Amino acid sequence: MQNMKSILPLYVKGKVVKGFGRGSKSLGIPTANYEQSVVDKLPDQLKAGIYFGWAKVGNQGVVEKCCLSLGWNPYFKNQVKSMETHIIHNYQEDFYGSILKVCVAGHIRDEQNFSSIDELKIAIENDIQFTLKELDKPEMLEYKNNNFFMTENGFA
Ligand code: ADP
Ligand code: RBF
Ligand code: MG
């Protein structure tokens, strides 16, 4: 996955829509899904997989740590490619319809299939722990402070 580094960090911006309705329900881990036009416009060099980065909801929001899944969720065998972001922060309310800005900062692993939902959940919990540590690195804090989060710029 070495060649993917060239495209990171990648700054993505788009609207949050209803997803598959199973993020919080069966996993306990909500994921904000992007509208399909945003997913379709992502550069081909951004391969399906699990990533970590920074995210901000709306204009007034705070930049938070996040991890995200890009692809077809092999465990659920989705028919369409999705980009879904789990923000590591407790929000009081849902934010469907809001503009979500994401800085995709680093690659964690490929999407995997699992033999049970508990194994998927454990894998995601490991991703979250990895994300928390990686984003404390100085070069990652620079991405958090990028102008992207303060202006109207951004891909898509
Ligand atoms: P859906 O299948 O519609 O995407 P989820 O169960 O995955 O539903 O929940 C995602 C929704 O929950 C988001 O669109 C957002 O409105 C809300 N939400 C609340 N807290 C978070 C969070 N920490 N990270 C991502 N989404 C969150
Ligand atoms: N789905 C998979 O099928 N395989 C995975 O390896 C996988 N890893 C994920 C890692 C993270 C950090 C997140 C947030 C989601 C991941 N998912 C994965 C997606 C998960 O199946 C999805 O969030 C739910 O299906 C809700 O839409
Ligand atoms: Mg979701």
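The values are calculated or read from the model by the stated rules, or taken from the named source; none is laboratory data. Note that the structure is predicted; figures quoted are calculated from it, not measured. Please note: Cβ atoms are built from the backbone with ideal geometry, for glycine as well, and neighbour counts cover all protein chains shown.
Okay, residues lined up against (1) touching a helix residue (DSSP H, G or I) at 6+ places or on another chain (Cβ under 8 Å); (2) of a type in the set (Ser, Thr, Tyr); (3) at negative phi:
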{"site": "9", "(1), (2), (3)": "yes, no, yes"}
{"site": "20", "(1), (2), (3)": "no, no, yes"}
{"site": "24", "(1), (2), (3)": "no, yes, yes"}
{"site": "43", "(1), (2), (3)": "yes, no, yes"}
{"site": "52", "(1), (2), (3)": "yes, no, yes"}
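Listed by first and then second residue, the pairs linking a residue in segment 69-96 that is over 21 Å from residue 127 (Cα atoms) to a residue that is exposed (fewer than 12 other Cβ atoms within 10 Å of the Cβ), with Cβ atoms under 9 Å apart and 6 or more places separating them unless they lie on different chains, are 96/18. For segment 17-38, which residues satisfy the criterion of being more than 9 Å from ligand 3 (Cβ to nearest atom), surrounded by 13 or more Cβ atoms within 10 Å (Cβ to Cβ) and free of Cβ contacts under 8 Å to residues at least 60 places away in the same chain? Passing the criteria: 35, 36. So which residues in segment 78-124 are within 13 Å of ligand 1 (Cβ to nearest atom), of a type in the set (Gly, Ala, Ser) and either within 11 Å of the chain's Cα centre (by Cα) or within 15 Å of residue 23 (Cα to Cα) (or both)? Across segment 78-124, the qualifying residue is only 82. Selection of first residues in segment 112-128 that are closer than 16 Å to residue 84 by Cβ and of second residues that are at pLDDT 95 or above and in a helix (DSSP H, G or I), restricted to Cβ pairs under 7 Å at least 6 apart or on distinct chains, gives the following pairs, ordered by first then second residue: 112/123.
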